[in-house]
Every structure is written in structure tokens, then in C-alpha cells.
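Read the structure below first, then the notes.
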Amino acid sequence: MTDWQKLEKKYFMPTFKRMPVTLVKGKGVRVWDENGKEYLDFTAGWGVNSLGHCHPEVVSAIAEQAKSLLQTSNQFYTVPQLKLAELLIENSCFDRVFFCNSGAEANEGAVKLARRYGKLHLDGAYKVITALNSFHGRTLAMTAATGQRKFQEAYQPIPDGFVNVEYDNISAIKKAATSQTCAVMLEPIQGEGGVNIPSDSYLKAVRAWCDEKGILLILDEVQTGIGRIGTLFGYEQFNIEPDIITLAKGLGGGIPIGAFLAKEEVSVFTPGDHGSTFGGNPLACASGYATLNFIIENDIPGKVKKNGAYLIAQLNKLKSKHDFIVDVRGRGLLVAIQFDDDLTDKIVKSCMERGLLLNPVKPNAIRFMPPLTIVKKDIDAMIGILERVLAKV
Ligand SMILES: Cc1ncc(COP(=O)(O)O)c(C=O)c1O
């Protein structure tokens, strides 16, 4: 049998800390490795497989599209792109969309749009305030936007124009702002930062302050968007409307896609200001349309809310049995448990051996982000495995 993992060691730049599992098949919340071993997958491709692995409607949309048209460039109109644009705009508070290929690229585009707006309406203001502990992607500019030193240190000098301030602290934003500030960019809940939920008043206060100063509010919903936290978009739960939102991950149902959406008055790009070869390609948009349409038609966000509450309740039961679990937090199906020590690697490894895949988001925290279509039975199965592992810690 081919030792696939050996090939990685020989040929790849060693950027990923992979688990020793080679996956070959997926269906719903389950995946199988090359030896036929079955796993419950609570990572969902890092929050991407919103309808689970190989959902029939997504697979059939991709297959149909692949038979007719894969890529044309944006020199022409294509129907899947137009249909997805209409679905996104008609179900959100935004007026305009730009399609790209990933979360980092969506954020880059959003920041370019904010800078363009700053040039036109804010006397050339170009700086963007972001939060410490945030995550906005791995391009050079998004490394500067991401408020974590560990991602920035190796790449100095990082691009100018970003100020990282404490999350969930409106005073920190006010203090960091200058006449050069064009926007504030935040995650409604910090995902990679460990599932950090701000206080109820935070985003409302940021929105009010941005309005007062005439600067833009960008929400990075690459992780929280498309039903993940129990509403189609995260902003709905905080009773605000951002000026710009960025999406990726769950939007494509497993195919790479990104997008940023903006209000009409903020949509200041003109022909030639921005572009992408693959952005909005028919294959990704057909997959995105099938995914989003299924999510809307079947009230998946409502189910996420219910099942997310169930998941949190079950995790809290484990917390009451184990002193070393110090926190359970989350919204919808973006949930984390935190330990009093760096126990994550050990627990995640033991779970993997018992057929459960989890995401080690922090040395002392595990993140749960299963497919949005998960049912109670699967949550119970996951809790059963986790419980057996925790009993041995
Ligand atoms: C909130 C947020 N923004 C941006 C990104 C980057 O997305 P991508 O890896 O698709 O570039 C991520 C990825 O985890 C994310 O969670």
C-alpha cells in the first residue's frame, strides 16, 4: 500500500500540523480513511462543509455544472454567478457583491473597498482598526490585520495601515482611531481566536461610534456566516447592519469561494478597481447556490440554533463532571471547551484513535464546528466518545 503520508514529508513545505489520517471518503458527518476506518467529523473541513460531506444536492449541482461550463473569466456573464448574487443580496441587508476564492481574499477586497471609500469620502483615510486575537487570513496584508504577533513576527515589515486593539473594548477602538482611520474590521465572534463571544453591547456600540465618525464597519463573517451561529448571517444576532461583510468557508459547501458584500453607498469600486480570474467561476457558484438555497429553504439556521444549544448543554454536563474543563462557550454550531491546562493535543489524539475528529483551536481549547445538518444522534455519539476520553485524562 502507498505510504501517502511519507510523500508529504518528502515534497511539501511543512506548514501544516497534520493528524496522521489520510481521508479518502466522506458522507454527511462521517469520513473514512484509506484503511476504511470511520470517523465522526466535528471539524467539517474547518467550518466549510456546511451541509456535510458530499451532500447529494451539492454533488448533483457540481456534476451538472461540470458537464456544461467550468470557467469563463469575468469578461462574460454566467448564470450560476448571477443566481448566487441574487440569492445573497435578497437574503441580506446588502446591495452589491464581489466574488473571489477564499476568506483572506474576501477580506483583502473589503479592505481595498474601504480604502477606496476613504480616498473618496474621508480625506484619504486608509487605516483599519482590527482586534487582538482576531484571524483574517494568511495573505501579507491580512497577516497585518490579524491581531496575533505569532503570525506577524516572521514577516516584518508587515504592510502599514492596520492597528490591532483589544477585542470587546469600544474604548480601545476610540483611542486608536485617528483622522486616518477609514474602517473597523471585526469578527462578530472570534473563531480561530478560540470562539470568543463579545458582550451584547459591543458591536452595537462599535456601529454607533462608526456612524458618528462616518467610518465603515466591516464584519468578517468568513467563519460565522452562512448559518454557522444560528442565523444566516452573524450580524443579525447583534442587531446591527455592517457596511461590508466578508464570506467564504460555508458558502461553497466544500468548493472554494469567497465574497464580500456592501451597502450601495459604500460600493465605490468602478470598472478596473478590483478583479479576479477565478472569482465567481460557474462551478463554485453552482455549488454555492445549491448550498445556500438548501440552507434557506430548509431553515438550517433554525436547526443550528436548536442543535447548537443541545451540543452546549451536553458539553456543560461534561464540564460539571470534570474540574479541568473550565469553560464551555459558543453560539449555534461554533462551540469551544476550554481546559485549565494544555490538554488539547492529548485529548484530540485520543478522540481520533476512537473515531472522532476534533479541532485543536488552542493548546487549552477544542473547537466544535460540525456540519450544520448534524442531528442529536450524532452529537450524542460524539459526546459518548469524548466522555470516555475525558474519563482517562
Ligand atoms: C474569520 C476568518 N477570516 C478569514 C479566514 C481566512 O480564510 P481562508 O483560509 O479561506 O483564506 C478565516 C479562516 O479560518 C477565518 O476564520
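The values are calculated or read from the model by the stated rules, or taken from the named source; none is laboratory data. Just so it is clear, the structure is predicted and the values come from calculations on it, not from any experiment. Positions of Cβ are generated from backbone atoms using ideal geometry, with glycine treated the same way; all protein chains shown enter the neighbour counts. All accessible areas refer to the heavy atoms of the entire protein, side chains included, with ligands and DNA or RNA removed. Shrake-Rupley method; radii C 1.70, N 1.55, O 1.52, S 1.80 Å.
Overview of values
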item	result
Approximate spin-label separation D380-Q75, in nm, with each point projected 7 Å along Cα-to-Cβ	5.8 nm
Nearest-ten-degree value, helix 282-297 long axis tilted from longest Cα axis of the chain	80 degrees
Separation between Cα centres of the range 1-60 and the range 346-393, rounded to whole Å	16 Å
Rounded tilt (10° steps) of 202-213 against the dominant C-alpha axis of the chain	10 degrees
Estimated vicinal HN-Hα couplings, Hz - the range 358-371 in sequence order (Karplus 6.51, -1.76, 1.60; Gly, Pro = x)	10, 9, x, 5, 9, x, 10, 8, 10, 10, 10, 9, x, x
Relative contact order (%) - the range 169-260, alpha-carbon pairs under 8 angstrom, separation at least six	25 percent
Hz values of 3J(HN,Hα) by residue in the range 140-153 - Karplus curve (6.51, -1.76, 1.60), Gly and Pro given as x	4, 5, 6, 5, 6, 6, 5, x, 9, 3, 4, 8, 9, 3
Folded to 0 to 90 degrees: helix 103-121 orientation relative to the chain principal axis, Cα	20 degrees
In Hz, Karplus ³J(HN,Hα) per residue of the range 345-355 (6.51, -1.76, 1.60; θ = phi - 60°; x = Gly, Pro)	4, 4, 5, 4, 5, 5, 5, 4, 4, 8, x
Accessible surface of the chain [probe 1.4 Å, protein heavy atoms]: carbon and sulfur percent	53 percent
All lysines inside 22 Å of K319 as judged from Cα atoms, apart from same-chain residues fewer than 8 positions distant	K305, K306, K346, K349, K362, K376, K377, K392
V335 long-range amide H proximity, modeled H, under 5 Å	F368
Length-normalised contact order for the range 246-334 - Cα pairs under 8 Å, 6+ apart - percent	24 percent
The chain - mean residue ellipticity at 222 nm from DSSP helices (-39,500 (n - 2.57) per run, n ≥ 4, rounded to 500)	-11500 deg cm²/dmol
Amide H contacts under 5 Å for V165, placed H, 5+ residues apart	T130, A131, L132
Where the range 132-234 is the region considered: accessible area per residue in Å², 1.4 Å probe	38 Å²
Relative contact order %, the chain, counting alpha carbon pairs below 8 Å whose residues are six or more apart	22 percent
Amide H partners (placed H, <5 Å) of V326, local residues excluded	Q338, F339, D340
Under 12 Å from the Cα of K204 - aspartates and glutamates, other chains or at least 8 residues apart	D168, E236, E241
